[in-house]
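Here the structure comes first, spelled out in structure tokens, and everything after it is commentary.
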Amino acid sequence: MRPPQPDARPVALTIAGSDSGGGAGIQADLSTFAAHDVFGTSAITAVTAQHTRGVDSSYTLPRSEVAAQIDAVVGDFDVGAAKTGMLASADLVSLVADRVRDASFPVVVDPVMVATSGDRLLDRDAEAAYESLLAEATVVTPNVDEAAVLTDVEITGVDRAEDAGRRLLETGVDAALVKGGHVPGETIRDVLVAEPNAVADRDATDATTERAGEFVDGAFVATFEHERVDTEATHGSGCTLSAAIAARLARGDDLVDAVGGATDFVARAIESHYEVGTGPGAVNPQADRRTVE
Ligand SMILES: Cc1ncc(COP(=O)(O)O)c(N)n1
């Protein structure tokens, strides 16, 4: 066997569901990895029959097949970072927790529960299983509804988002990004709360640092703000965000730059959304690409 190439491009792994409609899931993740010039690998957890209006049906793959895909990738590639998306069942959540335990690469967990369309993508009894996965993860990226399920903190503003982030740290995850897209308002605020050792290289007191945050009561807290784009075409935004964080971590960004850069990337993906299908459309992870002549 040829040894891994030392100058090879970074590799990222997505463990997520397939969206036949192409806007979210594995399809959005691989597009996002490619946009970051990161080689994308995948372990598919479920196959959804989906379009821009919703999910018609979903088939969860057997645990052994998901395990085989993860093992095939991790056993061959020098994985620089992984992300998880739709994990469908408690069984798959615990499988993934097992497989990433003591992983040598960072793991981004997007706790996908309900699609933008309102369709459930995770069995209800799987919500509790997330605790075991969070204990192994680098950063978890819930929207406010998912954060409420995972912590019992109802989110009404930035302070509550920070509270929920702090609660999430108690599970053992290194950092939590509580996304503000579902909170009404002109400005979207995504709040990162991290264990100090997860941002050890960062001098938070240096206000000239581009992504400055603050150490408050034993945690690093940073808020990323974007003007809301007036569109319903946000299908795929959460998948794109967590994939962009993983891609940036695989490229060697520190956690705060990876998260901050990924929130900017998603803002551009929403700005240049696709109006496809008869529903609200989808984000465009290729927003930065020049148009092919
Ligand atoms: C396979 C799969 N994974 C994730 C999502 C969530 O994406 P969204 O919340 O944008 O609908 C989805 N709809 N389908």
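No lab work stands behind these numbers, since they all come straight from the coordinates. Please read these numbers as outputs of a predicted model, since none were measured by experiment. When we count neighbours, we look across all protein chains shown, and the Cβ atoms used for this are built from the backbone with ideal geometry, even at glycine.
Whole number please: convex hull volume per residue of the Cα set in the chain, in Å³?
141 Å³
Lys and Arg at +1, Asp and Glu at -1: add these up for the other residues within a Cβ distance under 9 Å of PRO280 and post the number.
-1
Rounded to whole Hz and in sequence order, give me ³J(HN,Hα) for the stretch 228-239 from the Karplus expression 6.51 cos²θ - 1.76 cosθ + 1.60, θ = phi - 60°, writing x for Gly and Pro.
With coefficients 6.51, -1.76 and 1.60, one gets 5, 8, 7, 8, 9, 7, 9, 4, x, 5, x, 4 Hz.
Calculate one ³J(HN,Hα) per residue across the stretch 150-163 by plugging θ = phi - 60° into the Karplus curve 6.51 cos²θ - 1.76 cosθ + 1.60, and present them in order as whole Hz with x for glycine and proline.
Rounded to whole hertz, the list is 6, 10, 6, 9, 6, 9, 10, x, 4, 5, 5, 4, 5, 4.
Most mobile of VAL139, VAL108, VAL55 per a Gaussian network model of the chain (Cα springs, under 10 Å)?
VAL55
Karplus couplings for the stretch 270-286 from phi (6.51 cos²θ - 1.76 cosθ + 1.60, θ = phi - 60°), rounded to Hz, Gly and Pro as x?
6, 4, 9, 4, 8, 9, 10, x, 9, x, x, x, 8, 6, 10, x, 9
Pull up all non-local amide H partners of VAL114: gap of 5 or more, or a different chain, and H-to-H distance under 5 Å with H placed in the peptide plane.
LEU121
Please build a GNM for the chain, connecting alpha carbons under 10 Å apart, and tell me which residue among VAL221, VAL74, VAL173 fluctuates the most.
Maximum among the listed residues: VAL74.
Compare the peptides 88-96, 57-65, 275-283 by average per-residue count of other Cβ atoms within 10 angstrom and give them in order, highest first.
Taking the mean over residues of other Cβ atoms within 10 Å, the ranking is 88-96, 275-283, 57-65.
Can you put VAL191, VAL266, VAL79 in order, fewest other beta carbons within 10 Å first?
So the residues, fewest neighbours to most, are VAL79, VAL191, VAL266.
Of the listed peptides 243-256, 152-165, what is their order by residue-averaged count of other C-beta atoms within 10 Å, with the highest listed first?
Ranked by mean Cβ neighbours within 10 Å, highest first: 243-256, 152-165.
For the chain, what is the percent of antiparallel DSSP beta bridges, rounded to the nearest 5?
50 percent
What ranking do HIS51, HIS36, HIS182 get, fewest neighbouring Cβ atoms within 10 angstrom at the top?
Least to most surrounded, the residues fall as HIS182, HIS51, HIS36.
Quick check for me: using +1 on Lys/Arg Cβ and -1 on Asp/Glu Cβ, what's the dipole size of the chain about its Cα centre, in debye to the nearest 20?
Value, rounded to 20: 720 debye.
Could you give the spread of the C-alpha atoms of the stretch 188-293 along their three principal axes, from largest to smallest, in whole angstroms?
The Cα atoms of the stretch 188-293 stretch 48, 27, 22 Å along their principal axes.
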